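What follows is one structure encoded as structure tokens, with my remarks underneath.
The values are calculated or read from the model by the stated rules, or taken from the named source; none is laboratory data. Since we're looking at a predicted model, the values are computed, not measured. Here the Cβ positions follow ideal geometry from the backbone for every residue, glycine too, while neighbour counts run over all protein chains shown. The accessibility values were calculated without ligands, DNA or RNA, using every heavy atom of the protein model including side chains. Shrake-Rupley method; radii C 1.70, N 1.55, O 1.52, S 1.80 Å.
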Amino acid sequence: MLCGEQVVTAERGDLVVVPPGLPHAFAAAPGADADILIVITPGVERFEYFRHLERIAYGKVPPESLLEVQELYDTYFATSASWEDARSGRS
């Protein structure tokens with residue numbers, strides 16, 4: 001996970017709390033699968049956002065389609081050198 005500019009490796013059973021407004025990202029380690037439970041508080045309507053992610057995962061819509069809905073779901077995309085380094089194995 002990316003929390004701010006810090007990359008954190010969560011293991012089975014770990015809990016990661018992301019403070020409001022902190023840029024973050026999550027992904028399974030390269031070549032691995034992962035299950036994740038996401039709890040968002042206070043409750044906001046995000047079900048369709050995660051359905052959109054599923055459509056991307058199954059190739060039904062392109063990843064770029066998220067750019068069209070970022071304001072709708074208050075989810076904005078940014079670049080992070082530390083995240084890119086960790087995902088490419090350079091960290």
Exposed GluC sites (Glu not before Pro) being those in a DSSP loop with at most 12 other Cβ atoms within 10 Å, the longest stretch of the chain free of them is 12-44
87, 51, reordered so the largest accessible area comes first (probe 1.4 Å): 51, 87
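With a cut-off of 8 Å between alpha carbons and a minimum separation of six or more residues, what is the relative contact order of the chain in percent? Mind showing how you got there, number by number?
Details: 48 pairs, mean separation 27.1, N = 91.
RCO, the chain: 30 percent.
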Summing -39500 (n - 2.57) over every DSSP H run of at least 4 in the chain, dividing by its residue total and rounding to the nearest 500, the 222 nm mean residue ellipticity is -6000 deg cm²/dmol
Selection of chymotrypsin sites (Phe, Trp or Tyr not before Pro), region 25-58, meeting DSSP coil and at most 13 other Cβ within 10 Å: 58
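What does the charge add up to near residue 27, with Lys and Arg as +1, Asp and Glu as -1, over the other residues with Cβ less than 14 Å from its Cβ?
Working: positive: 87; negative: 33, 35, 84, 85.
Overall, the nearby charge balance is -3.
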